[in-house]
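Engineer: Sharing a structure, written as structure tokens. Questions coming.
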Amino acid sequence: MLGLMQQRPLLVSSLLTYAETYHSDTEIVSQTAEGALHRYDYRALGLRARRLANALIGLGVKPGDRVATLAWNGHRHLELYFAISGIGAVLHTINPRLFGDQIEYIVNHAEDSVIFFDPSFAPLLEGLAPDLRGVKGYVALTDADHMPATAFGPLHCYEELVAAASDIYQWPSFDENTASSLCYTSGTTGNPKGVLYSHRSTVLHAFCACARDGLSLSSRDSVMLIVPLFHVNAWGIPYAAAMCGAKLVLPGQALDGKSVFDLMVAEGCNFSLGVPTVWLNFFRYVEETPGLPLNDVRLDRVVIGGSAAPRAVIEKFHRLFGVFVIHAWGMSETSPLATIGNLLPRHRDLSTAETVDIQVKQGRAIYGVELKIVDAGGAKLAHDEAESGDLLVRGPWVTAGYFRDEGGDILDQDGWFATGDVAKIDSDGFVRITDRSKDVIKSGGEWISSIDLENVAVGCPGVAEAAVIGMKHDKWQERPLLIVVRKPDAEADKAAILAFLAGKIPKWWMPDDVVFVDELPHTATGKLQKMKLRQLFADYSLPQTRDQTRATATG
Ligand code: AMP
């Protein structure tokens with residue numbers, strides 16, 4: 001017997017309609033590239049999103065079309081979140097930190113029809129545009145006075161498009177399983193793969209962010225959204241904030257300690273989210289700047305994810321600001337919220353140090369996400385924190401397959417997705433990520449492909465075989481270590497190898513060190529045994545003196 005409840009589809013547009021109706025004067029503040037703070041409210045966001053919907057239709061965007069963004073966290077980017085998905089098209093947020101070839105690959109793979117970009121990305125697009133085959137138009141996210149001069153086109157001005165469009169628009173209703181957004185992840189081997197979220201998965205995920213044992217987001221929060229809008233839908237916060245009417249503070253590109261501190265204080269932010277590197281920069285600023293008004297910081301909780309939250313950061317938040325760090329684990333493929341570190345009643349009377357012992361774990365599965373760890377043969381391991389196993393996950397906001405079937409069938413017969421992370425789970429269900437079986441390195445919240453690095457390194461004269469593993473690093477969480485087997489009688493040294501790599505890889509991929517070994521461990525099928533290598537180098541520590549040449553990383 002079927003239930004007799006209404007089949008109202010869970011659509012992204014319904015979140016905006018709700019926010020506009022019930023939290024119309026709640027503020028959205030953003031740092032513009034031009035320097036001024038822009039502020040408006042959910043009423044204005046709704047109005048401009050409807051204008052933008054008409055503008056998108058005017059540009060020829062149809063349901064199902066992919067529309068790309070190349071932009072920092074700002075109010076125009078937020079409008080695109082709701083307008084693109086709202087008309088039934090697919091929001092494709094591009095990570096501008098990928099290098100040119102990768103951006104070209106994903107734009108062509110996604111068949112993006114229009115690209116909306118911050119003017120600061122015009123030089124990047126200048127080089128790529130001739131090879132972006134399907135792109136029919138480019139829109140600069142600015143007003144007429146700040147339009148970049150470009151050779152590519154057709155080029156439109158965002159503010160002119162929005163101003164010229166009608167604000168009368170009825171968000172259409174359609175199947176909640178329709179695709180709403182697309183994020184490419186480089187977290188696996190080979191080319192980046194597209195994770196295609198649906199309206200349904202997005203709305204369900206937003207409920208979880210608002211749940212008390214989720215991130216507990218509510219209308220009483222003023223949220224400093226540091227995690228970029230181009231990284232897994234900013235961990236779902238734009239949708240969840242609309243669902244509950246939370247105030248949003250969007251910091252633009254300025255994510256250095258001072259900018260974050262000042263904006264957070266000025267806007268009374270009590271909640272924030274970001275990768276560890278951002279918080280390490282934040283504390284460096286706080287500790288190096290005497291006389292800061294620490295009492296004006298209104299933070300009460302902070303979500304850290306994307307990489308393991310360092311114990312020292314959790315402790316500093318507690319000590320300096322009385323802030324509870326919510327440590328969360330997830331991935332592009334899980335929307336991303338999967339495990340969240342909230343305390344249980346039995347933890348109430350623990351000492352601070354004991355509480356931090358719980359917080360350094362990645363938290364427990366939230367309702368909707370099922371987890372298990374398995375051994376090499378696929379047998380389920382007990383939740384007794386004894387053994388590490390491959391972490392498998394399934395749930396209604398976990399991917400069922402990559403866009404255009406890249407990677408083929410990625411679920412096992414029971415619907416489990418292998419995360420590529422290795423974990424222990426304790427008897428309370430707290431997950432501790434202990435290792436990674438996928439061969440990638442995560443530095444400052446961004447991926448470095450060890451395989452690409454190895455392929456370049458073996459081209460170096462004198463190198464017989466090369467392996468790259470991620471080593472712990474105080475500032476960037478992980479940095480690459482290159483392990484080399486020399487050809488017989490070859491003399492290639494560290495300086496020669498690094499000089500060979502220069503110019504062939506992005507600067508921030510440059511290994512922090514090169515070490516030489518007689519042989520590398522292999523599996524029976526000849527694959528490099530990265531886990532074994534990581535064990536062999538467990539006691540090695542990187543020379544942490546190199547100043548990484550990349551800009552601030554933010555997750
Ligand atoms: P992405 O798809 O770029 O969001 O990256 C997901 C991956 O980041 C996961 O599979 C983990 O390897 C890593 N990761 C995310 N959150 C954490 C965390 N809290 N602790 C350790 N690793 C994490």
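Engineer: Could you go through the stretch 319-336 and let me know if any residue there is part of a loop (DSSP other than H, G, I, E, B) and modelled with pLDDT under 95.
Structural biologist: Checked the stretch 319-336: no residue is part of a loop (DSSP other than H, G, I, E, B) and modelled with pLDDT under 95.
Engineer: Take Ile441 and tell me if it is modelled with pLDDT of 95 or more and in a strand (DSSP E or B).
Structural biologist: For Ile441, the condition - modelled with pLDDT of 95 or more and in a strand (DSSP E or B) - is not met.
Engineer: Then there's this: Residues that are open to solvent by 50 Å² or more (accessible area, probe 1.4 Å) and within 24 Å of Ala110 (Cα to Cα): which strands (runs of 3 or more DSSP E) entirely in the stretch 127-220 hold 3 or more of them?
Structural biologist: Those strands (runs of 3 or more DSSP E) do not exist here; none qualify.
Engineer: Let me ask another. Can you pull out the strands (runs of 3 or more DSSP E) entirely within the stretch 227-318 that have at least 1 residues that are on the phi < 0 side of the Ramachandran plot and outside the structural domain of His92 (by TED's automatic domain parsing)?
Structural biologist: The strands (runs of 3 or more DSSP E) meeting that bar are 271-274, 301-304.
Engineer: Output the residues belonging to the stretch 468-525 that are acidic (Asp, Glu) and either open to solvent by less than 50 Å² (accessible area, probe 1.4 Å) or not assigned by TED's automatic domain parsing to the domain that holds Gly445 (or both).
Structural biologist: Residues satisfying the conditions are Glu478, Asp512, Asp513.
Engineer: Continuing with the same structure: Output the qualifying pairs, or none if there are none: Cβ atoms under 7 angstrom, residues six or more apart or on different chains, first residue in the stretch 348-362 and open to solvent by 50 Å² or more (accessible area, probe 1.4 Å), second residue away from the ligand (no atom under 16 Å from the Cβ).
Structural biologist: Thr352/His318
Engineer: On to the next question. Within the stretch 289-313, restricting attention to residues that are touching a residue at least 60 places away in the same chain (Cβ under 8 Å) and open to solvent by 40 Å² or more (accessible area, probe 1.4 Å), which residue is farthest from the ligand (Cβ to nearest atom)?
Structural biologist: Among residues in the stretch 289-313 that are touching a residue at least 60 places away in the same chain (Cβ under 8 Å) and open to solvent by 40 Å² or more (accessible area, probe 1.4 Å), the one farthest from the ligand (Cβ to nearest atom) is Arg298.
The rows are residues; the columns are (1) more than 26 Å from Gly420 (Cβ to Cβ); (2) at pLDDT below 90.
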{"position": "Val456", "(1), (2)": "no, yes"}
{"position": "Ala464", "(1), (2)": "yes, yes"}
{"position": "Leu481", "(1), (2)": "no, no"}
{"position": "Asp493", "(1), (2)": "yes, no"}
{"position": "Leu498", "(1), (2)": "yes, no"}
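Engineer: Pairs only if they're at least six apart or on different chains, beta carbon under 8 angstrom, first in the stretch 323-335 and within 14 Å of Pro310 (Cα to Cα) and of a type in the set (A, V, I, L, M, F, W, C), second assigned to a strand (DSSP E or B) and near the ligand (Cβ under 6 Å from one of its atoms); list them, first residue then second.
Structural biologist: Final answer for the pair search is Trp329/Asp421; Trp329/Ile433.
Engineer: Identify all residues within the stretch 363-376 that are at positive phi and either β-branched (Val, Ile, Thr) or open to solvent by 10 Å² or more (accessible area, probe 1.4 Å) (or both); write none if there are none.
Structural biologist: Gly368, the sole residue that qualifies.
Engineer: Taking Tyr402 as meeting all but one of (1) surrounded by 15 or more Cβ atoms within 10 Å (Cβ to Cβ); (2) modelled with pLDDT of 95 or more; (3) in contact with a helix residue (DSSP H, G or I) (Cβ under 6 Å, 6 or more places away or on another chain), write down the number of the exception.
Structural biologist: Of (1) surrounded by 15 or more Cβ atoms within 10 Å (Cβ to Cβ); (2) modelled with pLDDT of 95 or more; (3) in contact with a helix residue (DSSP H, G or I) (Cβ under 6 Å, 6 or more places away or on another chain), only one is false for Tyr402: (3).
Engineer: Right, next: In the stretch 91-112, which residue that is out of contact with any Phe, Trp or Tyr (no Cβ under 9 Å at 6 or more places or on another chain) and open to solvent by less than 10 Å² (accessible area, probe 1.4 Å) is nearest to Asp452 (Cα to Cα)?
Structural biologist: Ile103
Engineer: Filter the stretch 444-467 down to the residues that are within 16 Å of the ligand (Cβ to nearest atom) and assigned to a strand (DSSP E or B), then identify the one that is most open to solvent (accessible area, probe 1.4 Å).
Structural biologist: The selected residue is Trp447.
The values are calculated or read from the model by the stated rules, or taken from the named source; none is laboratory data. On a predicted model such as this, the values are computed, not experimentally measured, just so you know. Neighbour counts are summed over all protein chains in view; Cβ atoms, including those assigned to glycine, are modelled from backbone coordinates with ideal geometry. Keep in mind that these areas ignore ligands, DNA and RNA; they rest on the heavy atoms of the full protein, side chains included. Shrake-Rupley method; radii C 1.70, N 1.55, O 1.52, S 1.80 Å.
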